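J.: Could you have a look at this structure, given as structure tokens, before my questions?
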Amino acid sequence: MAVALICSCTKEIRFVGQYDGEKIVLYSCANPDTTLSVDLAMSKFILDDSDLSIYSLVTGGKVSGYVGDRAIVFRENPDQKGNYISDYTPAEGETIELKASLPLFPDVTASTIVPHKADFSVDSYSIEVLDRDQGLEHVKVTMKVTINDAPSVKNCYRLKLFQYLDVEESDWRGMNEPPLMSSDVIFREVGTGVEAIAGYIEGEDYVWIEDMFDDSLFDGRRYQFEVWFESYLGDIIYTENEYGEWIPVVTEHEFDPSMYFLELDTVSEDLFKYSYSVAGYNFLGDFQGIFGEPVSIYNNVRGGIGCFGAITPNIAYLPE
């Protein structure tokens, strides 16, 4: 007879730190492509065993803002309590000040500067056939991209690829976001997760571009790099033959560069630091966390918790 014994050991440690009460949690991101809005929530003490969720927005707050001497008027969103909306659309170069209050909470303030659009271009692209699958060409599309980085300021970026999708029997065109990859050193800092470590062990020399990066390696210079994605040229449609069997029918097509574009967002330094700290915090749960130090989430909300950042998008199409 086999006997299995599972033993769990726990130790209760008395909290001896200082705690000055719950705080307002404020999140907002200014974007010239949309009107400004603010989310308000409240923090939760680590020893609080209530059902309160830190992700639940809080109603009944007041939010105000200023751009210079011009006031920004906010009102609570009737369709989403705890979300406060305005009719103000941010503009590049503006400094925005926010103030928020909730009953029984200390007021909080935050500010951000809306960055200018990135000066960048897709200079060229090339196509390499990797293999064929059921008659479809599996291709690698490599793009050469140039950033003209503005001098005398730290610039932070986020790069994404988008693809138009035609939807059958509809005028609407959806969007797909194909995975984007690169071997360039400017993306190495954001490829430090467990997937990247496993990739290096297996001999891979590239990373998936998933997070933000800064201009620390090309500050104030014109910098060209390569990124790529993979695609299949064609579709497989299954149709029924005269015997009632479903057979694949391959429809081939050529690569259409007009269906793709790159978006390079310029992000404020506060938003960059916040996003980078959140990524580091999340990595604590994987293989890297065994060897890493605890990460503190970046915060630029005075008197409270959260982040008020800004992002300015710009797009560039592949050359015809």
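The values are calculated or read from the model by the stated rules, or taken from the named source; none is laboratory data. Just so it is clear, the model here is predicted, and its values are computed rather than measured. FYI the Cβ positions are ideal-geometry reconstructions off the backbone, even for glycines, and counts take in every protein chain you see. In case anyone asks, the SASA skips ligands and DNA or RNA and just uses the protein heavy atoms, side chains included. Shrake-Rupley method; radii C 1.70, N 1.55, O 1.52, S 1.80 Å.
J.: Determine the order of Asp184, Asp69, Asp211 by accessible area, beginning with the largest, at a probe radius of 1.4 Å.
T.: Reading off the accessible areas and sorting them downward yields Asp69, Asp211, Asp184.
J.: Using heavy-atom solvent-accessible surface (probe 1.4 Å) with all chains present, what is the largest-first order of Tyr88, Tyr274?
T.: Details: Tyr88 20, Tyr274 50 Å².
So the residues, ranked largest to smallest area, are Tyr274, Tyr88.
J.: Tally Lys and Arg at +1 and Asp and Glu at -1 over the other residues with C-beta under 12 Å from the C-beta of Ile127: what net charge comes out?
T.: Details: positive: Lys140; negative: Glu128, Glu137, Glu230, Glu254, Asp256.
Around Ile127, the surrounding residues sum to -4.
J.: Taking 18 Å as the cut-off for C-alpha to C-alpha distance, list the pairs among Lys144/Lys273; Lys23/Lys62; Lys117/Lys140; Lys117/Lys160 that go past it.
T.: Where the Cα-Cα span goes over 18 Å, the pairs concerned are Lys144/Lys273; Lys117/Lys140.
J.: Using a 1.4 Å probe and counting only protein heavy atoms, arrange Glu242, Glu263, Glu230 so the residue with the most accessible area comes first.
T.: Details: Glu242 160, Glu263 35, Glu230 85 Å².
The ordering from most to least exposed comes out as Glu242, Glu230, Glu263.
J.: Roll a 1.4 Å probe over the protein heavy atoms and report the accessible area of Lys160 in Å², nearest 10.
T.: It works out to around 60 Å².
J.: I've got another one for you. If you count only protein heavy atoms and use a 1.4 Å probe, how large is the accessible surface of Met175, to the nearest 10 Å²?
T.: Accessible area of Met175: about 90 Å².
J.: Rolling a 1.4 angstrom probe over the protein heavy atoms, how many square angstrom per residue are accessible across region 73-163? Provide the component values of the computation, followed by the final result.
T.: Numbers: 4570 Å² over 91 residues.
I get 50 Å² per residue for this part.
J.: Per-residue accessible area for Ser296 at 1.4 Å probe radius, Å² rounded to 10?
T.: 100
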